[in-house]
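Take a look at the structure set out below.
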Amino acid sequence: MKEITKDIRYIGVDDNDLDLFESQYILPDGISYNSYVILDTKVAVMDSVDARKTQEWLQNLEEALEGRKPDYLVVHHMEPDHSGSVAAFLEKYPQATVVAGAMALKFLGQFNPGKVFPNTLTVKDGDTLPLGAHTLKFIAAPMVHWPEVMMSVDQQDNVLFSADAFGKFGALGKTAFWADEDDDWACEARRYYFNIMGKYGPQVTKVLSALPDKPVVAPLHGPVIRDVAEILKLYSTWSSYGVETPGVFIAYASIHGNTAKVALTLADILRAKGCPKVALNDLTRDDQAEGVEDAFRYGKMVMAAASYDAGLFTPAYDFLHKLQAKGYQNRKVALIENGTWAPSAGRVMKEMFAAMKNVEVVGNMVTIKSTMNPADLPALEALADAILNA
Ligand SMILES: Cc1cc2nc3c(=O)[nH]c(=O)nc-3n(C[C@H](O)[C@H](O)[C@H](O)COP(=O)(O)O)c2cc1C
Ligand SMILES: [Fe+2]
Ligand SMILES: [Fe+2]
């Protein structure tokens, strides 16, 4: 069992077998459901875990308690990956008080029909909970990324319990327990951030300004962060929809391979012109969540897609729908469409980008008829110049 500080222990669990996080995101290295316990005059347990791991978590808790009984279960977030073991916890420790915001307590009832929770303490932004030497102070974090989310700070040890913010995919036994010992924290933290919270940049920005100075950050997924300075800079860029890395992201969706060849040719042209980084995603076969991540990471994107039933090839349509759902904005895009009899992909892509905030389509869209023809090269060169100079 890991010590976060002298009195704060990690009691979370790894899930190495979950097929998809939130039934949508692949987990190459699993996921952790983090939970902590503060051992003071009063004992506070910080969040439960997914119902898939209730027994293992209760076992970790029992070991950490060394014969004591918990006084409080603090519920920062009611999504089932963290609240799925609240009822089981209360069966084992019926005297414990559930500490949560009013909305979280309402959701607790909704998720547990017929169950009564007699011992509850409702807290709101700014409230404190004294534990002895330690005192918890609550920070409301509405819509980061659910409405009931709260964070809390242990004022004695300056540990921030940040709920899903600062989380990362990957089980701690497979990656690292401490973020500073993680080979590449940002990669899977970025995929997590944009796909889970991307839409809520303003709310994340707002809560960032309410955080204590230089805390140890104890999130609900992924490594514990001892030095948050660089990570705060990333969060500030991400939540303000700023450009993290200079370069161009090319997303392509091809039925028979011809549009894919055009996309790869454009990548070569961009590199030859000195583009600092060209990232690619085959929207039909690669992880589209990785594509969402890269769309937000780079300031510029090229979409290349086949026409399909007088519309847009569905993997490209799905991807643009995801970008729109996650609040894609402040970006320059260029378009390539392919069609054999009546190209229609470009019209749909233009309509979808027009519905997003401050997304500018630059250059002249390139229309390929079935397959790339040498005569298409000047138009691709011009498109590359347009996106590079945008
Ligand atoms: C089911 C299906 C529907 C298609 N619908 C259209 C269409 O509405 N208009 C069009 O010009 N081409 C249409 N196409 C042709 C594709 O756009 C064609 O595959 C493309 O021109 C070649 O690029 P690719 O090799 O990247 O798929 C369709 C192809 C398929 C398989
Ligand atoms: Fe969540
Ligand atoms: Fe979560």
* Treating the angle as unsigned and between 0 and 90°, give the value, to the nearest 10°, between the Cα long axis of helix 54-65 and the longest Cα principal axis of the chain. => 50
* Ellipticity estimate at 222 nm from DSSP helix runs (n ≥ 4, -39,500 (n - 2.57)) divided over the chain, nearest 500 -> -9000 deg cm²/dmol
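Let me have the relative contact order for region 8-239, percent, based on Cα pairs under 8 Å that are six or more residues apart. All intermediate terms of the calculation are to be shown ahead of the outcome.
Numbers: 472 pairs, mean separation 41.7, N = 232.
It rounds to 18 percent for region 8-239.
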* Once the chain is represented by equal point scatterers at the alpha-carbon sites, with solvent omitted, what log10 I(q)/I(0) does the Debye formula produce at q = 0.08, 0.10 Å⁻¹? -> -0.48, -0.69
* Find the eigenvalues of the gyration tensor of the Cα atoms of region 2-137, then list the square roots of 5 times those eigenvalues as equivalent ellipsoid semi-axes, largest first, in whole angstrom. => 23, 19, 14
* For region 108-142 and region 9-38, distance of Cα centres in Å -> 23
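Sort the following peptides by mean Cβ neighbour count (other Cβ atoms within 10 Å, averaged over residues), highest first: 330-343, 366-379, 176-189. Kindly include the intermediate steps, with their values, before the conclusion.
Values: 330-343: 20.4, 366-379: 14.4, 176-189: 17.0.
Put in order of decreasing packing, that is 330-343, 176-189, 366-379.
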* **Cα-centred dipole magnitude for the chain, charges only on beta-carbon of K, R (+1) and D, E (-1), debye, nearest 20** => 1080
* So how far, in whole Å, is the C-alpha centre of region 207-283 from the one of region 337-378? -> 24
* To do: Give the long-range amide H neighbours of I11: residues separated by 5 or more places, or on another chain, with amide H under 5 Å away, using H modelled in the peptide plane at 1.01 Å from N.
  => S35, Y36, V37
* So how tilted is helix 229-239 from the main axis of the chain? Cα-based, degrees 0 to 90, rounded to 10. -> 60
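Which FRET efficiency value, to the nearest 0.05, is calculated for K69 and M356 with the Förster distance at 35 angstrom and r the Cβ-Cβ distance? It would help to have the intermediate numbers written out before the result.
Numbers: r = 52 Å, r/R0 = 1.49.
That pair, K69 with M356, gives E of 0.10.
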* To do: Rounded to the nearest 10 degrees, what's the angle between the helix 258-272 long axis and the longest principal axis of the chain, both from Cα atoms, 0 to 90?
  => 90
* Picking from A355, A304, A64, which is most flexible by a Gaussian network model of the chain using Cα springs under 10 Å? -> A355
* To do: Considering the options F89, G12, G299, tell which one lies farthest towards the positive end of the dipole of the chain, charges being +1 on Lys and Arg and -1 on Asp and Glu at the Cβ, about the Cα centre.
  => G299
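Rule-based calculations on the coordinates, nothing more; no lab input. Predicted model, so just to flag it, every value in this text is computed and none were measured. All Cβ positions, glycine included, derive from the backbone under ideal geometry; neighbour counts span all protein chains shown.
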